[in-house]
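Working notes for the structure below.
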């Protein structure tokens, strides 16, 4: 007579073990899939934060080094030292190394989808160079400037070399989240 230990497994025992293995495999797959989706979502969120931080740092540097220097537009007409445009602003900044004189004319703007920055090859009477995309997937941009009277949506200085005290930039991202930055000018 063969003892039970030598006979092997019954069909029911095999089916139970296969069912348990299947359940464990499904749970492990679901956990791995969830972790992968979470990682991908985190990467996208971090990339969005990185572009916002880069734009914030660059705009803070530009506005912090704003120069009280009017310029000429591409058409030769005089421009204020800080000019609001329908989609952004144009200004002259100091502190540019490797360029003589150490000033640079730059423009910040919104093309309907992205926040852009452009530099001009010369301060006077030139078109801006190619745009650098700083923040993609933007729905809208709102700019306000602060002067002695407070925050306003228009900028009409008494003198062409006058700069606002501060600039507020609000970006409405494609996901519906609004992000607001405030910068001191020539601080």
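Please order 12, 133, 90 by the number of other Cβ within 10 Å, starting at the fewest.
Sorted ascending by nearby Cβ count, the order is 12, 133, 90.
Going by how many other beta carbons lie within 10 Å of each one, how would you line up 103, 27, 141, fewest first?
27, 103, 141
Order these by the 10 Å Cβ neighbour count, fewest first: 52, 18, 172, 163.
Exposure proxy ranking, most exposed first: 18, 172, 52, 163.
Using a 7 Å offset from the Cα along the Cα-to-Cβ direction at both residue 17 and residue 122, what is the distance between the two label points in nm, to one decimal?
Inter-label distance under the simple model: 8.6 nm.
So what is the relative contact order of segment 59-184, in percent, for Cα pairs below 8 Å that sit 6 or more residues apart? Present the calculation step by step, with values, prior to reporting the outcome.
On the way: 279 pairs, mean separation 27.2, N = 126.
Reported as a whole number, the value is 22 percent.
State the Cα centre-to-centre distance between segment 158-187 and segment 70-86 in whole Å.
If you average the Cα positions of each part, the centres end up 18 Å apart.
Each value in this text was obtained by applying a stated rule to the coordinates, not by laboratory testing. Computed from a predicted structure; not experimentally measured. Backbone-built Cβ (ideal geometry, glycine too); neighbour counts: all protein chains shown.
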